[in-house]
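The values are calculated or read from the model by the stated rules, or taken from the named source; none is laboratory data. Note that the coordinates shown come from a computational prediction; the quantities given were computed from them, not determined experimentally. Note that we place each Cβ from the backbone using ideal geometry, even for glycine, and neighbour counts take in every protein chain shown.
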Protein chains: 2
Amino acid sequence: MGITKTEIFTDEQNKLALQLKAIAHPARIATLQLIIEAKACICGDLSAELGLAQPTVSQHLKELKNAGLIQGTIEGVSVCYCIEPEAWKNLNNELNKLFSSYKGINSCC
Amino acid sequence: MGITKTEIFTDEQNKLALQLKAIAHPARIATLQLIIEAKACICGDLSAELGLAQPTVSQHLKELKNAGLIQGTIEGVSVCYCIEPEAWKNLNNELNKLFSSYKGINSCC
DNA sequence: TTAATTAATCGTAATATTGCAATATAATTA
DNA sequence: TAATTATATTGCAATATTACGATTAATTAA
């Protein structure tokens, strides 16, 4: 079919998947890194730093924003993007839960 | 175009994106959780637990395996899947780096 | 008001993903 | 060997993603 069966999974699983999907692209990882290091936070600068066209970057920013991971503040004619601290912390926590639940070799293999 | 421009990103960014993409699906998150909790580790059991058809689960397992996150051990007629400890630890480390690089509110916004 | 600057949206082409029925492959058992 | 059991592969339809040119909106400056 081509559409994920979200109804058979928990809200937590679906939310984590959506936020991970938002990060799971090299351009968006690079974007987050640039934003975090404050090397660039407006679309045009990010476009230049990344080497991707402005509409492409705008689209990537939109996805990160839709996932709640960044927020945009209008500053005159441009928009300054930065990390949304709560969502960032929550995602970090969810991932820590997932990764720490693995305690090493288990019974079956 | 529809194809990611991997050549303009670092190997680290591309690898992290690939591994995150492997996890960024509720069925694969659920699969990892089942494997970790050792509630199911063979394709047929996972298929029953997840409520997805066997070929669908087999495909998801293949993607997790291609990303290096799980390994399969042939046990008679079936295959037991479990976490690949090194890759799991590495991904955890990479994510920790990314998340901890954010120190809170920065200058621009 | 007009021009300049910047971001967002639209439209589109190329490609990738999701899910499953049907089938093929591989290993064990009778 | 033949039947059984379990996984993997193939093929396909529906949908989603990626990238960007062209355009539109929104804000500031002249």
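Taken over region A:62-72, the residue count meeting the criterion of being within 12 Å of DNA strand D (Cβ to nearest atom), surrounded by 15 or more Cβ atoms within 10 Å (Cβ to Cβ) and more than 11 Å from every other protein chain (Cβ to nearest Cβ) is 2.
Identify, from the list B:Ile35, B:Ile83, the residue that is of a type in the set (A, V, I, L, M, F, W, C), closer than 30 Å to A:Lys89 by Cβ, crowded, with 19+ Cβ neighbours inside 10 Å and at the interface with chain A (Cβ under 7 Å from one of its Cβ atoms).
On inspection, the qualifying residue turns out to be B:Ile83.
Hey, among the residues in region A:27-43 that are within 12 Å of DNA strand D (Cβ to nearest atom) and touching a residue at least 12 places away in the same chain (Cβ under 8 Å), which one's nearest to the chain's Cα centre (by Cα)? The qualifying residue nearest to the chain's Cα centre (by Cα) is A:Arg28.
Per-residue answers, yes or no, for (1) of a type in the set (Lys, Arg); (2) surrounded by 15 or more Cβ atoms within 10 Å (Cβ to Cβ); (3) more than 9 Å from chain B (Cβ to nearest Cβ); (4) over 19 Å from the mean Cα position of the chain (by Cα):
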{"residue": "A:His25", "(1), (2), (3), (4)": "no, yes, no, no"}
{"residue": "A:Leu46", "(1), (2), (3), (4)": "no, yes, yes, no"}
{"residue": "A:Ile74", "(1), (2), (3), (4)": "no, no, yes, yes"}
{"residue": "A:Val79", "(1), (2), (3), (4)": "no, yes, yes, no"}
{"residue": "A:Leu91", "(1), (2), (3), (4)": "no, yes, no, no"}
{"residue": "A:Ile105", "(1), (2), (3), (4)": "no, no, no, yes"}
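The residue list B:Gln13, B:Gln59, B:Gln19 contains one member that is modelled with pLDDT of 95 or more, under 14 Å from the mean Cα position of the chain (by Cα) and within 11 Å of chain A (Cβ to nearest Cβ), which is B:Gln19. Chain B holds no helices (runs of 4 or more DSSP H) entirely within its bounds that carry 3 or more residues that are under 30 Å from A:Ile74 (Cβ atoms) and among the hydrophobic types (A, V, I, L, M, F, W, C).
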